[in-house]
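The values are calculated or read from the model by the stated rules, or taken from the named source; none is laboratory data. Note that this is a predicted model, so its numbers are computed, not measured. Positions of Cβ are backbone-derived with ideal geometry, glycine not excepted, and every protein chain shown enters the neighbour counts.
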Amino acid sequence: MNTFDFNRSFFTFRIDTLVKQPLTVTHKPPFSLNNARIPIECRCVVTEKATDQAQSFVLGASCKTERVGVEGDIWLEPNADF
């Protein structure tokens, strides 16, 4: 049996507004580069019986939109959940 350490598991993504402009923005970010780290809440492995090929899927924890690198008023109104 394989186990999954959810407390230490996450996935990441990076946006760089100098490379590609986002389609929607609610405020001007203080930096052009943002690295996000999302905790993993569950994992599912689907295996094709005929080929024995497996594909993993993960579900990230609920994340709120926020202003990055600010001292106050971190949460946006209205707030989005992704």
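The figures follow:
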| quantity | calculated |
| --- | --- |
| Positions within the range 1-45 being more than 17 Å from ALA80 (Cβ to Cβ) and of a type in the set (D, E, K, R), in sequence order | ASP5, ARG8, ARG14, ASP16, LYS20, ARG37, GLU41, ARG43 |
| Residues satisfying the stated conditions in the range 49-77, i.e. in contact with a Lys or Arg (Cβ under 9 Å, 6 or more places away or on another chain), closer than 30 Å to LYS28 by Cβ and surrounded by fewer than 13 Cβ atoms within 10 Å (Cβ to Cβ) | ASP73, ILE74, TRP75 |
| Condition check for GLY69: on the phi < 0 side of the Ramachandran plot and of a type in the set (Gly, Ala, Ser) | no |
| Residues that are surrounded by 10 or more Cβ atoms within 10 Å (Cβ to Cβ) and closer than 18 Å to PHE4 by Cα, drawn from the range 36-46 | ARG37, ILE38, PRO39, ILE40, GLU41, CYS42, ARG43, VAL45 |
| Among (1) touching a residue at least 12 places away in the same chain (Cβ under 8 Å); (2) surrounded by fewer than 10 Cβ atoms within 10 Å (Cβ to Cβ); (3) more than 27 Å from ASN2 (Cβ to Cβ), the one test that LEU33 misses | (2) |
| Subset of the range 1-31 that is assigned to a loop (DSSP other than H, G, I, E, B) and at pLDDT 90 or above - its residue that is nearest to the chain's Cα centre (by Cα) | SER9 |
| Check on ASN79, under 28 Å from ASN7 (Cβ atoms), in a loop (DSSP other than H, G, I, E, B) and either basic (Lys, Arg) or without any contact (Cβ under 8 Å) to a residue 24 or more places away in the chain (or both) | yes |
